[in-house]
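Data block below; observations after.
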Amino acid sequence: MLLRHLRYLLAVVDHGNFTRAAQALYVSQPTLSQQIKQLEESLGAELLDRGGRTVQTTDAGAVYVEYARRVLRDLEAGKRAIHDVKDLSRGNLRVAMTPTFMAYLAGPLVRDFLAEYPRIHLEVFELSMSDIEAGLAEDSLDIAIAFSDVWNPDIEWSALYTERLALMVGQGHPLYELQTPLATTELATLPLALLTSTFITRTCIDDYCHGQGIKPNVVLEASSVNALLEIVRHARLATVLPQATANDDRSIRKIDFADEAPQRTAALLKKRNTYQSTASMAFERLVRNTLSMG
């Protein structure tokens, strides 16, 4: 059995079709079929059910595919380890952040990292918390900045800082000149524009309101932090976002809560018990140094 057999098998499983898999692999369909048959004969088990409109795994095939994916992931990690250069004169780093962190952390961190390590090829992804966990577990990401609410036992996290949320309004809002903190009861009276329920920030806000015994008056939902800020700049709506989101934006006024503000723990996420590249360790040091100075 060769690695080629594993890649061919996974291609057929992922495409559900020999023809599309062969096209993706740039091989002929008879060649692909022959290679899969060789693999099945070497294992003494039928891996694919070819009888339906789409190709499905047999029970044995489903088990084997799980191990095949793991083998290829581990081999790819081994390749990166071999090519990892300790002096950071070259290399690759795949970083993910949830949208609220992307809005105010990505720029400064990328600027400083590339200034210090200009030959590192950096990939930065804006992903949901669940997609970040999946990416780290599947080894398609190296490191991430997200939250401590981790569900996947294969992912480890370490705290970075406590992120506090605040009310934000634009210059045309009646509360723009407010000089005192906002009472929680007043929050229930304000027309709000908030992130959708797919964001952990929104979950944090909803939990906070529930704990305070109020129901927020949500008149608009957005799936982008930047879009939400743009809306608040021009509409007489308020929003709730991390305090740092609009630190340098004079068109947005941040108003603290009179009671303890909604908050959550910002965290650095990595896959547990796996190889961490020199570039990944350098990025982690940069993040911690930057945030400790902030």
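The values are calculated or read from the model by the stated rules, or taken from the named source; none is laboratory data. Note that the coordinates shown come from a computational prediction; the quantities given were computed from them, not determined experimentally. Please note: Cβ atoms are built from the backbone with ideal geometry, for glycine as well, and neighbour counts cover all protein chains shown.
Hand me the list of strands (runs of 3 or more DSSP E) wholly inside region 232-294 holding 2 or more residues that are assigned by TED's automatic domain parsing to the domain that holds residue 156 and buried (at least 21 other Cβ atoms within 10 Å of the Cβ). So the answer is 263-271. For region 181-211, the tally of residues that are over 25 Å from residue 99 (Cβ atoms), in contact (Cβ under 8 Å) with a residue 40 or more places away in the chain and surrounded by fewer than 16 Cβ atoms within 10 Å (Cβ to Cβ) stands at 2. Scanning region 224-259 for residues that are closer than 19 Å to residue 190 by Cβ and among the acidic types (Asp, Glu) gives 230, 256, 259.
Could you list, in sequence order, the residues of region 215-243 that are touching a helix residue (DSSP H, G or I) at 6+ places or on another chain (Cβ under 6 Å) and either without any contact (Cβ under 8 Å) to a residue 12 or more places away in the chain or closer than 23 Å to residue 183 by Cβ (or both)?
Here is the first cut: in region 215-243, the residues touching a helix residue (DSSP H, G or I) at 6+ places or on another chain (Cβ under 6 Å) are 216, 222, 225, 239-240, 242.
Matches in region 215-243: 216, 239, 240, 242.
Only residues that are among the small types (Gly, Ala, Ser), out of contact with any helix residue (DSSP H, G or I) (no Cβ under 7 Å at 6 or more places or on another chain), closer than 19 Å to residue 2 by Cβ and in a helix (DSSP H, G or I) were counted in region 31-61, giving 2. Residues satisfying the criterion are present in region 59-68 (criterion: farther than 23 Å from residue 140 by Cα and surrounded by fewer than 19 Cβ atoms within 10 Å (Cβ to Cβ)).
Restricting attention to region 182-202, does a residue exist that is of a type in the set (Phe, Trp, Tyr), touching a helix residue (DSSP H, G or I) at 6+ places or on another chain (Cβ under 9 Å) and in a helix (DSSP H, G or I)?
So the first thing to find is which residues in region 182-202 are of a type in the set (Phe, Trp, Tyr), and the list is 199.
So of that shortlist, the ones also touching a helix residue (DSSP H, G or I) at 6+ places or on another chain (Cβ under 9 Å) come out as 199.
This time we only want the ones that are in a helix (DSSP H, G or I), so: none.
No, every residue in region 182-202 fails to be of a type in the set (Phe, Trp, Tyr), touching a helix residue (DSSP H, G or I) at 6+ places or on another chain (Cβ under 9 Å) and in a helix (DSSP H, G or I).
Restricting attention to region 247-272, the residues being over 18 Å from the mean Cα position of the chain (by Cα) and at pLDDT 85 or above number 10.
Being assigned to a loop (DSSP other than H, G, I, E, B) and acidic (Asp, Glu) is the filter here; which residues of region 143-180 pass it? Can you show your working first?
Within region 143-180, the first condition is being assigned to a loop (DSSP other than H, G, I, E, B), and the residues that meet it are 148-154, 171-180.
Residues satisfying the conditions are 149, 154, 177.
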